[in-house]
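Below is one structure, written out as structure tokens, with a few remarks after it.
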Amino acid sequence: MSFNYVVRSVGYALGSAIGGLVLAAGTATGRLFPNDAAYTTAALVGVAAMAITTMAGLALARRRSPETNPSTAPVGMPGLGRSSRTGS
């Protein structure tokens, strides 16, 4: 199991828990379903989380050094265009 898969799974679980919490908080006592405002609030919380993660991702991508960016590696370096396997 890769690190990316674990982080993605934790993110899905956390998002589901927060969405459920918002909807549960918007459900009146004795009612079966949340009111309309709870759905709107849950959607806005999701949009805010998406905006924060997008901004963090863009900020981290800009800080990436040229040595770790495969698109700017010098020609002849493994991983660009040509396979590093023999016989290709």
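The values are calculated or read from the model by the stated rules, or taken from the named source; none is laboratory data. Remember, it's a predicted structure, so these values are computed and weren't measured experimentally. Counting neighbours? That spans all protein chains shown, and the Cβs are built from the backbone with ideal geometry, glycine included. Calculation scope for accessible area: heavy atoms of the full protein, side chains included, ligands and nucleic acids excluded. Shrake-Rupley method; radii C 1.70, N 1.55, O 1.52, S 1.80 Å.
Being part of a loop (DSSP other than H, G, I, E, B), modelled with pLDDT of 65 or more and either of a type outside the set (D, E, K, R) or under 30 Å from Leu23 (Cβ atoms) (or both) narrows it down to one of Pro34, Pro78, Pro74, so name that one. Result of the check over Pro34, Pro78, Pro74: Pro34. Please indicate, with yes or no, whether at least one residue in segment 49-67 is at pLDDT below 95 and in contact with a Gly (Cβ under 8 Å, 6 or more places away or on another chain). Yes, segment 49-67 has at least one match. Gly46 - would you say it is under 24 Å from Gly15 (Cα atoms) and modelled with pLDDT under 95? Against the criterion (under 24 Å from Gly15 (Cα atoms) and modelled with pLDDT under 95), Gly46 qualifies. Looking only at residues in segment 8-31 that are outside any helix (DSSP H, G or I) and open to solvent by 40 Å² or more (accessible area, probe 1.4 Å), the one that is nearest to Ile52 (Cα to Cα) is Thr27.
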